[in-house]
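Undergrad: This is the structure I want to talk about, given as structure tokens.
The values are calculated or read from the model by the stated rules, or taken from the named source; none is laboratory data. Not measured: the values here are computed from a predicted model. Counting neighbours? That spans all protein chains shown, and the Cβs are built from the backbone with ideal geometry, glycine included. These accessible areas exclude ligands, DNA and RNA; they are computed on the full protein's heavy atoms, side chains included. Shrake-Rupley method; radii C 1.70, N 1.55, O 1.52, S 1.80 Å.
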Amino acid sequence: MSAPITILAIESSCDDTSAAVLRDGRLLSNVTAGQAVHEAYGGVVPELASRAHQQNILPVVDRALKVAGVDKSQLSAIGVTLGPGLLGSLLVGTSFAKGMAIALGIPLIEANHLQGHILAHFIQEGDTDRPVPPYPYLCLLVSGGNSQIVKVNAYDDMEILGQTIDDAAGEAIDKCSKVMGLGYPGGPIIDRLARQGNAKAFTFSKPNLPGLDYSFSGLKTSFLYFLRDRLAEDPDFIEHHKEDLAASLERTVVEILMKKLKQAVRETGIRHVALSGGVSANTALREAFRAQQQAGNWDIFIPPFSYTTDNAAMIAITAYYKYRDGIFCPIEKPAYAGGRAASLNARRPDGPTASKNAG
């Protein structure tokens with residue numbers, strides 16, 4: 001019998017410090033420490049995030065190993081998010097992972113943060129297997145920094161069919177929430193308020209882009225100008241209508257996302273469709289997916305809420321597949337931050353390999 005493959009994974013791409021332990025594809029622990037310090041600033045402050053990661057990483061890793069009941073001597077490899085993300089945050093996680101790999105004499109495995117979100121569907125826990133999407137499948141990856149439609153042919157073979165050309169869906173929601181004075185992060189606040197509002201109360205601008213690419217900057221501008229005009233008439237307009245505003249904004253974002261995704265299903269003929277990323281926790285988006293399944297149009301795969309936000313479990317499953325194929329990372333390979341034009345180390349079907357970026 002071959003020795004078990006036991007992976008410790010570390011994720012520190014933004015403001016969550018996370019560590020997970022996975023053995024032979026099954027999750028044993030997934031520990032995450034958030035950073036409330038950013039709430040006062042209405043967004044993540046990179047310097048503060050880096051400092052908090054330095055404080056959190058040792059206790060988080062220690063806790064993950066203890067919860068899993070695994071000693072560091074039993075580890076087969078260390079998986080770590082190399083990018084994309086905030087460079088200062090990534091450096092904390094990658095430096096810790098590299099030091100631990102060297103000290104233990106075991107391989108280092110890099111994981112792309114976005115690839116991890118997509119592969120989160122393959123994480124298994126306990127004794128019961130969760131259904132996983134069969135290859136090839138389509139994945140809508142939607143978060144604060146990315147909105148992409150990805151054709152997933154294998155864990156290491158992904159094609160970006162469409163992506164945002166400007167703002168991402170989650171970014172637009174957060175900024176509209178901020179304009180309304182609702183606080184940070186905006187996604188959960190908008191989601192909660194929308195459950196109490198009329199989604200057809202107000203109409204906002206939608207893009208008219210060819211192909212499968214997204215754009216959310218026009219929606220953000222439309223929302224801003226709408227509020228400006230209404231506040232000129234009624235200074236308390238937001239307070240009087242915040243539930244309807246939230247519901248209408250949410251409906252518009254979901255309609256934009258689903259229109260392109262439906263087009264991708266028609267063009268590819270692939271009916272297995274998965275949802276990933278932070279915005280995959282949104283209630284209306286999940287309901288839109290379920291409606292497609294109930295209508296018999298798609299076979300859908302929606303992640304548990306614990307795998308929607310940044311977490312090390314998704315990095316662990318990515319590292320596990322790479323370990324089985326002997327794909328290890330040179331210890332000197334640097335972390336990378338990237339920009340909005342997202343990566344996955346994936347390729348456009350009509351062009352060269354995409355750059356390693358994400359927002």
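Undergrad: Going through region 69-93 one residue at a time, which ones are under 17 Å from Gly338 (Cβ atoms) and of a type in the set (S, T, N, Q)?
TA: Correct list: Thr81, Ser89.
Undergrad: Output the residue which, of all residues in region 47-63 that are under 27 Å from Asn146 (Cβ atoms) and open to solvent by 70 Å² or more (accessible area, probe 1.4 Å), is modelled with the lowest pLDDT.
TA: So, considering only residues that are under 27 Å from Asn146 (Cβ atoms) and open to solvent by 70 Å² or more (accessible area, probe 1.4 Å), the one modelled with the lowest pLDDT is Glu47.
Undergrad: On the given criteria, is Ala169 among the small types (Gly, Ala, Ser) and under 30 Å from Ala319 (Cα atoms)?
TA: yes
Undergrad: Just one of (1) outside any helix (DSSP H, G or I); (2) open to solvent by less than 30 Å² (accessible area, probe 1.4 Å) trips up Gly211, so point out which.
TA: Condition not satisfied by Gly211: (2).
Undergrad: Moving to a separate point now. May I ask you to list the residues in region 64-73 that are crowded, with 16+ Cβ neighbours inside 10 Å and part of a helix (DSSP H, G or I)?
TA: Correct list: Ala64, Leu65, Ala68.
Undergrad: I need every pair where a residue in region 278-289 that is closer than 15 Å to Ser306 by Cα has its Cβ under 7 Å from the Cβ of a residue that is of a type in the set (Ser, Thr, Tyr) and in a loop (DSSP other than H, G, I, E, B), sequence separation at least 6 or different chains.
TA: Cβ pairs passing all conditions: Gly278/Ser143; Gly278/Thr308; Gly278/Thr309; Val279/Ser143; Ser280/Thr308; Ala281/Thr308.
Undergrad: From Val80, Val92, grab the single residue that is assigned to a strand (DSSP E or B) and either open to solvent by 60 Å² or more (accessible area, probe 1.4 Å) or not aromatic (Phe, Trp, Tyr) (or both).
TA: Answer to the selection: Val80.
Undergrad: I would also like to ask the following. Only one of Ala9, Ala20, Ala103 is free of Cβ contacts under 8 Å to residues at least 60 places away in the same chain and either open to solvent by 20 Å² or more (accessible area, probe 1.4 Å) or not in a loop (DSSP other than H, G, I, E, B) (or both). Can you tell me which?
TA: Step by step, each of Ala9, Ala20, Ala103 is checked, and only Ala103 is free of Cβ contacts under 8 Å to residues at least 60 places away in the same chain and either open to solvent by 20 Å² or more (accessible area, probe 1.4 Å) or not in a loop (DSSP other than H, G, I, E, B) (or both).
Undergrad: Filter region 157-186 down to residues that are acidic (Asp, Glu) and modelled with pLDDT under 95 and give me whichever is nearest to Ser13 (Cα to Cα).
TA: Here the residue is Glu171.
Undergrad: Right, another one. If a residue counts only when it is in contact with an Asp or Glu (Cβ under 8 Å, 6 or more places away or on another chain), surrounded by 24 or more Cβ atoms within 10 Å (Cβ to Cβ) and of a type outside the set (A, V, I, L, M), which helices (runs of 4 or more DSSP H) contained entirely in region 108-205 have at least 1 such residues? Spell out the reasoning first.
TA: Numbers: elements: 113-119, 169-179, 186-194.
So the answer is 113-119, 186-194.
Undergrad: Select from region 298-317 the residues that are assigned to a helix (DSSP H, G or I) and either closer than 14 Å to Ser76 by Cα or open to solvent by 10 Å² or more (accessible area, probe 1.4 Å) (or both) and list them in ascending order.
TA: Matches in region 298-317: Phe305, Ser306, Ala316, Ile317.
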